[in-house]
Amino acid sequence: MSIGAVIVLLGWLIALAIFFGFIVLLRFLYHRERMALIRSGIHPDGVPKQRRSRGMLRAGLITGMVGLTLTLGMYPVGFILPPALSATPFHLGPWLLPGLIPLGVGIALIVSYYLEQNVQVSLEEGNREDKKVIPIVDHLERERNERQR
């Protein structure tokens, strides 16, 4: 294996480690937020969740457009290569993958934006055994009443 291939492989592995590290960091921060809410006596499911679908649409559009641009930019490579390597119909080949993968991810994000339903689960429906934890609305109302006294 040549030194160039090893450097490329290490670069991909480092990029993959950074990506997964970021996902772990986001999960850790979400966990810390939930634990802080529970510690302060607020039921974490009672906090109204922000709808993230607008961000998903934006991320899908950006990722999809980058993928489309890369695919269109890499398409002429099929005409440059020798005929033995590009003997496929329409000169399609593996050199298009760096563009097709983000294009597929972008399309999946856009589709998930349109398929997502904004369902609010009320606390009364769930089986709450711990009565010490209260919804955020009740907690804020209780604090407001205590300040007025």
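The values are calculated or read from the model by the stated rules, or taken from the named source; none is laboratory data. What you are looking at is a predicted structure, and each value in this text was computed from that prediction instead of being measured. Here Cβ is always computed from backbone atoms with ideal geometry, including for glycine, and neighbour counts include all displayed protein chains.
Residue-wise test of (1) polar (S, T, N, Q); (2) over 28 Å from GLU143 (Cβ atoms).
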| position | (1), (2) |
| --- | --- |
| LEU10 | no, yes |
| GLU33 | no, no |
| ARG58 | no, yes |
| THR63 | yes, yes |
| LEU68 | no, yes |
| ILE80 | no, yes |
| LEU85 | no, yes |
- prompt: Restricting to segment 68-89, what's the tally of residues that are in contact (Cβ under 8 Å) with a residue 12 or more places away in the chain and farther than 17 Å from LEU100 by Cα?
  reply: 2
field: Residue count for segment 41-67, restricted to those that are touching a residue at least 60 places away in the same chain (Cβ under 8 Å) and assigned to a loop (DSSP other than H, G, I, E, B)
entry: 5
message: Just checking, does segment 41-55 include any residue being exposed (fewer than 15 other Cβ atoms within 10 Å of the Cβ) and at positive phi?
response: yes
query: Does ALA36 satisfy being surrounded by fewer than 13 Cβ atoms within 10 Å (Cβ to Cβ) and over 29 Å from the mean Cα position of the chain (by Cα)?
result: no
query: Residues in segment 84-112 that are farther than 19 Å from LEU68 by Cα and not β-branched (Val, Ile, Thr): how many?
result: 5
- request: Go through segment 71-92 residue by residue and tally those that are exposed (fewer than 10 other Cβ atoms within 10 Å of the Cβ) and either assigned to a loop (DSSP other than H, G, I, E, B) or modelled with pLDDT of 80 or more (or both).
  value: 5
